[in-house]
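Scroll down for the structure; my scribbles are underneath it.
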Amino acid sequence: MVCLGNICRSPLAEGLLRHHLQLQGKNHIEVDSAGTSDYHVGEQPDERTIKNAGAHAVDLTMLRARQFKPADFEAFDRIYIMDASNYQHVTVQTDNAAHLAKVDFLLNNLWPNENRAVPDPYFGGPDGFENVFQLVNKACEVLAAKL
Ligand code: 4NP
């Protein structure tokens, strides 16, 4: 799961995909997240994301931000990005067709081929975080069932 800062959208997606995989008895699938930037490396998720997820009984406090790196194309089978900017920043790091084929928009699990964005909630209010939760939760439930 990849976003810009790895403190709002992608750590939530990591926690929610893991949550749905556990509910579906698929605990063996490894989930991780990263940001395309190095702005928040080593930090906990944003306190607003932690609070919003916590209100839905999802604990993100153990997560720490890291930056996406080209080795992730080999380490992971699938790479889900949150928006078109993330897509650009990830795909520019490889010219390997097998790597590029691993990259998709998370919300294509809900709206195939539409390349819809999970909106960045960082500069907005609490409604933005709840909206992101609802979108990412549904997408991760559908994705977990497919894996
Ligand atoms: P995220 O949100 O990409 O969902 O983690 C953001 C976090 C930090 C910044 C932007 C977006 N920032 O500009 O520091």
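Using helices alone, I'd like the mean residue ellipticity at 222 nm for the chain: each DSSP H run of four-plus residues gives -39500 (n - 2.57), total over residue count, nearest 500.
Helices in the chain give a 222 nm mean residue ellipticity of -12000 deg cm²/dmol.
Using θ = phi - 60° and the Karplus relation 6.51 cos²θ - 1.76 cosθ + 1.60, list the HN-Hα couplings for the range 142-147 in order, rounded to whole Hz, with x at every Gly or Pro.
With coefficients 6.51, -1.76 and 1.60, one gets 5, 4, 4, 5, 7, 7 Hz.
Among E47, E130, what's the order by accessible area (1.4 angstrom probe), most exposed first?
I get E47, E130, largest accessible area first.
Could you name the aspartates and glutamates whose alpha carbon sits less than 20 Å from that of K69, not counting residues in the same chain fewer than 8 places away?
E14, E30, D32, D38, E43, D77, D83, D95, D104
Could you report the chain's accessible area per residue, 1.4 Å probe, as an integer in Å²?
Here the residues of the chain average 51 Å² of exposed surface.
Solvent-accessible area of H99, probe 1.4 Å, all protein chains present, reported in Å² to the nearest ten, please.
Surface accessible to solvent at H99 totals approximately 20 Å².
Out of residues 5 or more away from Q67 or on other chains, whose amide H comes under 5 Å of its own, with H placed 1.01 Å from N in the peptide plane?
Placed amide hydrogens put G35 under 5 Å from Q67.
Per q in 0.12, 0.14, 0.17, 0.18 Å⁻¹, report the Debye log10 I(q)/I(0) for the range 87-147, using one uniform scatterer on each alpha carbon and no solvent.
These q points yield log10 I(q)/I(0) values of -0.38, -0.50, -0.70, -0.77.
With 21 Å as the cut-off, how large is the P(r) tail for the chain, expressed as percent of Cα-Cα pairs?
38
Which whole-Hz couplings ³J(HN,Hα) result when phi for each residue of the range 61-76 is put into the Karplus expression 6.51 cos²θ - 1.76 cosθ + 1.60, θ = phi - 60°, listed in order with x for Gly and Pro?
These are the phi-based 3J(HN,Hα) values: 5, 7, 7, 9, 6, 9, 9, 4, 9, x, 4, 5, 5, 8, 6, 10 Hz.
The values are calculated or read from the model by the stated rules, or taken from the named source; none is laboratory data. As the structure is a computational prediction, the values presented were derived from the model and not from experiment. Accessible surface areas use protein heavy atoms only, side chains included; no ligands, DNA or RNA. Shrake-Rupley method; radii C 1.70, N 1.55, O 1.52, S 1.80 Å.
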